[in-house]
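Below is one structure, written out as structure tokens; comments come after it.
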């Protein structure tokens, strides 16, 4: 790695010759640990031009540093931090709360976000990764994604790549969402009713900021997406949690005076329960009667490999009460961070203005790459490939769960990529997960999905999006054995 000339600057108040100041800058960088062994320093010419000194001054400084074994020279390759350079000292970390700033008093708004079960960065190295939402390298179409990204870098798309859209979005992507993606869910929407977001989570945040305040009430499912609960807590609205049943959210359980209801009717998060059509109509009728809005998170609707998906709640809405949240991050890869909001034009206008004040718009190159990947048919081909793989994995998982006597707590009607599980009473799935890690098994404890101080601790999620079918049975066997061991 090369050290940039901009890492060096002369202090006008420093004493000593220019040569000695340069020597001190380099030596101090090595002793501070900023310059590491083997890293290449700027050439004497470049550093001299940057500092506004003669080249011979820099050369002499480098020569002295070589004599002291701080630097070494490799012929015409330049100067490098020597392998024998002094190691930077290791100091103990400063104790918590040190310094003169009272952060407890100064912070105007504390944000303690819960994003759900933590996934280890090296999850792919585990043999049995039953974790949710990670891309499977064996399924993803990297070759065509790369081609679409290169195409989006071409001269023809230079404007889409470099333009500051201000509050707008890539028209090609918006057109595809409007004409291809949404009609598959029975939704008709024009460009003025669509906003591209940085993933579904950003879309949910925008809805909370635009629709809620301290005087308004939001209702969410329990259990539910932990990040949504954090978003609503940060909005400082009144928050009500509604326990779900075998058909998802029950409209009759909603509190009086609610202003916004957040729901995941197609695949309830995390139980994967599907809300039947009659209950969807009942929820819309209740919204009309009590004059509240509904935010529908329609994640994973593409993964409907068991049965065709139910119509989106938004498609049944005739009054403009449903705001729809979609995402490409779940079906493509989580690092994409690209989703969209669909709602009445007045709402989208306010959400667009808020997004523009925070981040203007998602990167143009990402939007245009996704637009090509969708419009050229690669996305549909990927979904078909994933659906076939998920169907096989789901069948193996269901058979293994039955064979080893584990209990399913929530049953997806249409597919998805995970199963909601319930361990016997007395089994703490956080402890279970810790034990299983030692056997290269990853599961997701369910405690963080529940609200309140007394969350049940015996639920967990098994996802099959990132584990090969031929490892599922063996992994489930290890889960069953560890569960029995915890029961004594």
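The values are calculated or read from the model by the stated rules, or taken from the named source; none is laboratory data. Bear in mind the structure is a predicted one, so any value in this text is a computation, not a measurement. Here the Cβ is made from the backbone with ideal geometry for all residues, glycine too, and neighbour counts use every protein chain on show.
Here are a few things to note about the model shown:
- Just one of the listed residues (186, 199) is surrounded by fewer than 16 Cβ atoms within 10 Å (Cβ to Cβ) and either within 21 Å of residue 329 (Cα to Cα) or in contact with a helix residue (DSSP H, G or I) (Cβ under 6 Å, 6 or more places away or on another chain) (or both), and it is 186.
- Test: residue in segment 263-274 that is within 27 Å of residue 461 (Cβ to Cβ), at pLDDT 95 or above and outside any loop (DSSP other than H, G, I, E, B): yes
- Number of residues in segment 349-370 that are in a loop (DSSP other than H, G, I, E, B) and either more than 18 Å from the chain's Cα centre (by Cα) or exposed (fewer than 14 other Cβ atoms within 10 Å of the Cβ) (or both) equals 2.
- So residue 243, is it within 28 Å of the chain's Cα centre (by Cα), closer than 28 Å to residue 411 by Cβ, assigned by TED's automatic domain parsing to the domain that holds residue 347 and surrounded by fewer than 18 Cβ atoms within 10 Å (Cβ to Cβ): yes
Table: residues versus (1) surrounded by 11 or more Cβ atoms within 10 Å (Cβ to Cβ); (2) assigned to a helix (DSSP H, G or I).
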| position | (1), (2) |
| --- | --- |
| 6 | no, yes |
| 23 | yes, yes |
| 34 | yes, no |
| 37 | yes, no |
| 53 | yes, no |
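- Some residue of segment 167-177 being in contact with a helix residue (DSSP H, G or I) (Cβ under 6 Å, 6 or more places away or on another chain), more than 30 Å from residue 441 (Cβ to Cβ) and either without any contact (Cβ under 8 Å) to a residue 24 or more places away in the chain or loosely packed, with under 14 Cβ neighbours inside 10 Å (or both): yes
- Consider segment 135-147 and keep the residues that are under 22 Å from the mean Cα position of the chain (by Cα) and not in a loop (DSSP other than H, G, I, E, B). The one that is surrounded by the most Cβ atoms within 10 Å (Cβ to Cβ) is 145.
- Residue 224 being more than 13 Å from residue 352 (Cα to Cα) and either in contact with a strand residue (DSSP E or B) (Cβ under 7 Å, 6 or more places away or on another chain) or surrounded by fewer than 22 Cβ atoms within 10 Å (Cβ to Cβ) (or both): no
- Evaluating residue 335 against the criteria (1) part of a loop (DSSP other than H, G, I, E, B); (2) modelled with pLDDT under 90; (3) within 25 Å of the chain's Cα centre (by Cα) leaves one unmet condition, (1).
- Strands (runs of 3 or more DSSP E) contained in segment 394-488 and holding at least 1 residues surrounded by 22 or more Cβ atoms within 10 Å (Cβ to Cβ) and without any contact (Cβ under 8 Å) to a residue 12 or more places away in the chain: none
- Being over 28 Å from residue 422 (Cβ atoms) and without any contact (Cβ under 8 Å) to a residue 24 or more places away in the chain is a property that residue 364 lacks.
- Residue match in segment 41-50 (condition: within 14 Å of residue 82 (Cα to Cα) and touching a residue at least 40 places away in the same chain (Cβ under 8 Å)): yes
- All positions within segment 211-221 that are surrounded by fewer than 22 Cβ atoms within 10 Å (Cβ to Cβ) and either outside any loop (DSSP other than H, G, I, E, B) or out of contact with any strand residue (DSSP E or B) (no Cβ under 9 Å at 6 or more places or on another chain) (or both): 211, 213, 217
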